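Remarks on the structure that follows.
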Amino acid sequence: MEETMFIDPQRCIGCRACVAACRECATHKGYSMIYVDYLDRSETTATMPTVCMHCVEPTCALVCPADAIKVSEEGIVMSALKPRCLDCRNCVNACPFGVPKYNTEMHLQMKCDMCFDRSSEGLKPMCASVCPTGAISFGRYEEIVPLRRTKPVNAHVFGNQRVETKVYLMLPTDADTVEVDGCGVFEGHIEADAQQPKLESWIDTQVEQSDKSNEF
Amino acid sequence: MSKVENLEQIIKEFGPHLHDAPYDGWRADRVIDKVVPTHCPYCAVQCGMNLLVENNHVVGFEPRYDFPVNEGRLCPKGVTAYLQVHHPDRLLHPLIKRNGMFERATWDEALDLVVSKFKELQAKYGKDSIGVYSGSSLTTEKTYLMGKFARAGLQTRYVDYNGRLCMVSAAAGNNKAFGIDRAANPWSDIPLAEILLIAGANCAETFPVLNKFLWQQRDNGGRWIIVDPRETPTARQGDLHLQLKPGTDVALANGMLHVLIEEGYTDEAFINARTNNWEETKLLAARYTPQVASEITDVPAEKIVQAARLYGRAKTAMVMHARGIEHHTNGVNNVLSYINLVLATGKIGKPGSGYGTITGQGNGQGGREHGQKADQLPGQRSILNPEHRKYVCQVWGLPEEELPQAGVSVVEMFNKMREGEIRGLLSLCNNVMVSLPDTNQVRRSLEGLDFYVCIDFFMSEGSRYADVVLPGSTWSEDEGVTCNSEGRVVKINKAADPPGEAREDWWIVQEIARRMGRGKYFQFNSPREIFDELRVASKGGNADYYGISYEKIEKQNGVFWPCPTEDHPGTPRLFEERFYHADGRAKFHAIEYNPPAETPDEEYPLILTSGRVVYQYLSGNQTRRIGFLVEQCPEPYVEIHPITAMKLKVNDGERVKVVSRRGEGVFPALIVKTIRPDTIFIPYHWGEELAANQLTNPALDPVSKIPEFKACAARIEKIHSRQLPIMGEKRRGISRSEVR
């Protein structure tokens, strides 16, 4: 099996070494395309890294009117091709994981390309190279999974849409899929959340502001 | 003399300014001339990294996958470390303060002024009127040189180093218990331990890459017991969190020892064969039932029992600790009481079983081995021991009567500055206005000096008070060795020359000594020559480097000291057969619990504890200039539990005044359930009005002289500020493109 990414949120210590290192990949031109969010800083120090999940049938590419988003032979979903990108931001709005960003300066959609220039030369992507804990790992399924006590899952259900991804989430559950309802809330916690509306801590906002504006 | 008269102008000229890209911008078309394998300049994990050099400029990094400690991993400070090298704030030429302003000077002007002032003060007030304050983020060669410079160059007894704020409690505890000061096990033992007991160490934020080993241990089925008053990311990931009241570690460890004895988890054979002082310790532990310990620590008794059982039953286990238990007036006692657990169960000196303090600074270990401590000579020798004095004087060629006696710790040195006994100061590699406790008192000490010279590569909050600032070098501009937290000596390699007129620190120090007329003791032409003398000076001492060479370090990916001969491979694991006291035995210490120097009362009802964030390194002089790191954590804040916040009617994000007996500061409130209701926390990396150390207590541990950064009494006052936290403004939903 070819090498891919394994995301294990349990291990994330929120250091954002991945966010800093992403900028260093030569083709990323100083822009980072990975996000680390506090889940709810007022309750916990837990954090979650988000990279492109590299969908088998990528929604971003499907909604692109200019066919600017290409998928490599290895299944890596690339950033938009500069000559084709129309600035329409369909991909930014359509991605179920909220990954692509629109770069206003370069008039271009940019997203995680699994450090294509590195991985095509046998080097690990920057984020997986530096991650201190293995919250982001890069390697072959048969090398990484036997070492872990978590379950690899690469099927995600968003309401009516089922998405299979090249990248695996490592979960401490027996579930075969990650199911998310229409409001973007993981099913297991819907009831608790409905009872107690959460106020966000300003430190969540500080990070989300820079991560989630969908624009550079 | 040393007042800062125009702070705004100094900040405008010397920063900190934010910079966030290689010197010539982000480029994909680089032609890299050389790839220099070296190590990170920051914490004591000393991760390997490769620096990319183009045209004598450091332009990036590449993971160093082949270095066994980190295998390419880095934290965000490590990733962005190279950005400091060509930072626009770099000091490029010597500066002399005239009329309150720093003016450019030549090296000759600046050095001659330093030397004439030192000579004048020493003629008038005696040799001891000059103090030397050094650091541990230097190569070991430089730390060795600083000790020799003070004793043989300036001939003053007053020399100390910033490990006094960091490592000394662990060092003193290790020496008392084991007769040597070094972590007992290599980190490769961590994955073999069934249980890790981690006390006062927020590994996730302060030693991020150490988590590689912690998670390997977890993958092997291991468990973590975490002792911390806050639910840090490490505590959150652990299996059992003992959220104790700050400063009550002795009671907790004694309570655990009580359970280990009661339930028969002690190793009597080991105790009889390899330790002293057990009976006394056992008697003392008998009084610390889990209930007694629970009342003092506020940790439920069941959890104390559970922790003791987990640790006691495990076939292999390791105990590790860091500043959380060491930054106390009971710092050494805290360390000794955890060591008692290790000795009572005999879990030491074996694969997967052991003990270690997690050193803070990059060279926190190496910097406390070779003679820049107030009472220390190279090789962890003592300046009080006549034989040690004789040996080192013979290596240096110094008449024995010329070697000064022991000095005092840095906080005491600063007291002597206010008392007028120390009139001049030379500092290298520290930032006293951020890192020392009780900032206002530190300011008075600096302002009272007749002459202050500072060697640094950025203008720190402390060097603003200097009369002369000499531009030094970053880690990438010089070579030498450091010793990481597991006792592994590694090699820092030079990537590029210092910019402008900046010079290597060892050259600057040696030049001052030469101009003081002490040149015959300072004939070094390179770090390698300093290292060769250090090897001889450390020979036969505890920290024996004689058998280490630059080549051996490269060949073996580091050498663990002691390494007494050239054919010796080094010593990764200590205590396999004997301890380092004369009789080869380790020593138990019966430690009674004592509260911190200051405990809450009606006026100051909360316990203030200070600490770090992952994005900043120590006093922040390097990291507060790097855009990425500052964006993640732009300013300090005060963590308050929602129950406490509700009582005080404080909202999340609101700026509040935090007051202690020594000072006050205004910080935004971060209301989190991850802290104890009786405790508040402020990260300490900032200076001036943002300094957490305006509030902290300069009370010292009687043995190690470490200040009590981790517990003092404080209160919170509401100030009805409408100003939001710096990043909080963005919560109003202004998008970044609109801001731009």
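The values are calculated or read from the model by the stated rules, or taken from the named source; none is laboratory data. Just so we're clear, the structure is a prediction, and the values are computed from it rather than from any experiment. Virtual Cβ from ideal backbone geometry, glycine too; neighbours counted across all protein chains shown.
Do the conditions hold for B:Ile512, that is, is it in contact with a helix residue (DSSP H, G or I) (Cβ under 7 Å, 6 or more places away or on another chain), part of a loop (DSSP other than H, G, I, E, B) and in the same structural domain as B:Cys429 (by TED's automatic domain parsing)? Judged against the criteria, B:Ile512 is not a match.
I'm trying to understand the selection: among the residues of the stretch B:638-667, which are modelled with pLDDT of 95 or more and within 9 Å of another protein chain (Cβ to nearest Cβ)? Listed by number, the list holds a single entry, B:Pro642.
Among the residues of the stretch B:453-480, the one identified as of a type in the set (Ser, Thr, Tyr) and in contact with a Cys (Cβ under 7 Å, 6 or more places away or on another chain) is B:Ser463.
Total residues in the stretch B:372-408 satisfying the condition of being more than 22 Å from B:Glu326 (Cβ to Cβ) and either of a type in the set (S, T, N, Q) or in a loop (DSSP other than H, G, I, E, B) (or both): the figure is 12.
Within the stretch B:677-696, does at least one residue satisfy the condition of being at pLDDT 95 or above, more than 27 Å from the chain's Cα centre (by Cα) and crowded, with 22+ Cβ neighbours inside 10 Å? Looking for residues that are at pLDDT 95 or above, more than 27 Å from the chain's Cα centre (by Cα) and crowded, with 22+ Cβ neighbours inside 10 Å, one finds none in the stretch B:677-696, hence no.
In the stretch B:4-28, the residues that are over 16 Å from B:Leu92 (Cβ atoms) and within 14 Å of chain A (Cβ to nearest Cβ) form Cβ pairs under 7 Å with partners that are of a type in the set (D, E, K, R) and part of a loop (DSSP other than H, G, I, E, B), at six or more places apart or across chains, as follows: B:Trp26/A:Lys29; B:Ala28/A:Lys29. When A:Ile34, A:Ile69, A:Ile76 are checked against the criterion of being over 30 Å from B:Met49 (Cα atoms) and crowded, with 20+ Cβ neighbours inside 10 Å, A:Ile69 stands alone in meeting it.
Of the residues in the stretch B:97-116, none is more than 20 Å from B:Gly500 (Cα to Cα), outside the structural domain of B:Thr139 (by TED's automatic domain parsing) and among the hydroxyl-bearing types (Ser, Thr, Tyr). In the set B:Val395, B:Val442, B:Val434, B:Val410, only one residue is modelled with pLDDT of 95 or more and surrounded by fewer than 24 Cβ atoms within 10 Å (Cβ to Cβ); that residue is B:Val395.
Scanning the stretch B:665-675 finds one or more residues that are crowded, with 24+ Cβ neighbours inside 10 Å and in contact with a Gly (Cβ under 7 Å, 6 or more places away or on another chain).
Residue-wise test of (1) touching a Lys or Arg at 6+ places or on another chain (Cβ under 9 Å); (2) buried (at least 24 other Cβ atoms within 10 Å of the Cβ).
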{"position": "B:Val305", "(1), (2)": "no, no"}
{"position": "B:Tyr311", "(1), (2)": "yes, yes"}
{"position": "B:Thr316", "(1), (2)": "yes, no"}
{"position": "B:Arg323", "(1), (2)": "yes, yes"}
{"position": "B:Thr329", "(1), (2)": "no, yes"}
{"position": "B:Asn340", "(1), (2)": "no, yes"}
{"position": "B:Thr345", "(1), (2)": "no, no"}
{"position": "B:Gly354", "(1), (2)": "yes, yes"}
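Name the single residue that is nearest to the other protein chains (Cβ to nearest Cβ) among those in the stretch B:55-109 being aromatic (Phe, Trp, Tyr) and surrounded by 19 or more Cβ atoms within 10 Å (Cβ to Cβ). The qualifying residue nearest to the other protein chains (Cβ to nearest Cβ) is B:Phe61.
From the list B:Thr599, B:Thr623, B:Thr571, the lone residue that is of a type in the set (Ser, Thr, Tyr), more than 27 Å from B:Pro37 (Cα to Cα) and not assigned by TED's automatic domain parsing to the domain that holds B:Pro186 is B:Thr599. Of the helices (runs of 4 or more DSSP H) that lie entirely inside the stretch A:11-123, those containing 2 or more residues that are more than 13 Å from the chain's Cα centre (by Cα) and within 12 Å of another protein chain (Cβ to nearest Cβ) span A:17-22, A:116-119. Which of the numbered conditions does A:Val157 fail, given that it passes all the others? Conditions: (1) within 14 Å of chain B (Cβ to nearest Cβ); (2) more than 15 Å from the chain's Cα centre (by Cα); (3) not in a loop (DSSP other than H, G, I, E, B). Status for A:Val157: all satisfied but (1).
Here B:Lys718, B:Lys710 are screened, and the one residue that is away from every other protein chain (no Cβ under 14 Å), among the basic types (Lys, Arg) and surrounded by 24 or more Cβ atoms within 10 Å (Cβ to Cβ) is B:Lys710. Collect the residues in the stretch B:276-300 that are touching a Leu at 6+ places or on another chain (Cβ under 7 Å) and surrounded by fewer than 21 Cβ atoms within 10 Å (Cβ to Cβ), keeping them in residue-number order. Scanning the stretch B:276-300 gives a single hit, B:Asp298.
Residue under question is B:Glu280, and the condition is that it be in contact (Cβ under 8 Å) with a residue 40 or more places away in the chain and over 22 Å from B:Trp224 (Cβ atoms); does it hold? When the stated conditions are applied, B:Glu280 passes them.
For the stretch B:215-247, the set of residues classified as buried (at least 20 other Cβ atoms within 10 Å of the Cβ) and part of a loop (DSSP other than H, G, I, E, B) consists of B:Gly222, B:Asp228, B:Pro229, B:Glu231, B:Thr232, B:Gly238, B:Gln243, B:Leu244, B:Lys245, B:Pro246, B:Gly247, listed by residue number. Of the listed requirements (1) assigned to a loop (DSSP other than H, G, I, E, B); (2) of a type in the set (Ser, Thr, Tyr); (3) at pLDDT 95 or above, B:Thr359 misses just one: (3). Cβ separations smaller than 6 Å between residues 6+ apart or across chains give the following pairs from the stretch B:487-510 residues that are within 16 Å of B:Val114 (Cβ to Cβ) to residues that are at pLDDT 95 or above and of a type in the set (Phe, Trp, Tyr): B:Val509/B:Phe149; B:Gln510/B:Phe522. Enumerate the helices (runs of 4 or more DSSP H) found wholly within the stretch B:117-214, keeping only those where 3 or more residues are not hydrophobic (A, V, I, L, M, F, W, C). Counting at least 3 such residues, we get B:140-148, B:168-178. Within the stretch B:259-266, does at least one residue satisfy the condition of being buried (at least 23 other Cβ atoms within 10 Å of the Cβ) and in contact with an Asp or Glu (Cβ under 7 Å, 6 or more places away or on another chain)? The answer is no; no qualifying residue exists. Among residues belonging to the stretch A:124-143 that are surrounded by fewer than 24 Cβ atoms within 10 Å (Cβ to Cβ) and part of a helix (DSSP H, G or I), point out the one that is nearest to the other protein chains (Cβ to nearest Cβ). Of everything passing the filter in the stretch A:124-143, A:Glu143 is nearest to the other protein chains (Cβ to nearest Cβ). Within the stretch A:63-74, residues that are within 18 Å of A:Tyr102 (Cβ to Cβ) reach partners that are small (Gly, Ala, Ser) with beta carbons closer than 6 Å, at six or more positions or on different chains, in the pairs A:Val63/A:Ala94; A:Ala68/A:Ala80; A:Ile69/A:Ala61; A:Ile69/A:Ala80. Of all residues in the stretch B:211-226, those satisfying the criterion of being more than 8 Å from every other protein chain (Cβ to nearest Cβ) and farther than 18 Å from A:Pro172 by Cβ are B:Phe213, B:Ile225, B:Ile226. Within the stretch B:371-390, the residues that satisfy the criterion of being over 22 Å from B:Lys142 (Cβ atoms) and touching a helix residue (DSSP H, G or I) at 6+ places or on another chain (Cβ under 8 Å) are B:Arg389, B:Lys390.
Taking first residues from the stretch A:157-168 that are on the phi > 0 side of the Ramachandran plot and partners that are charged (D, E, K, R), the Cβ contacts under 8 Å between residues at least 6 apart in sequence or on separate chains come to A:Gly159/A:Asp181.
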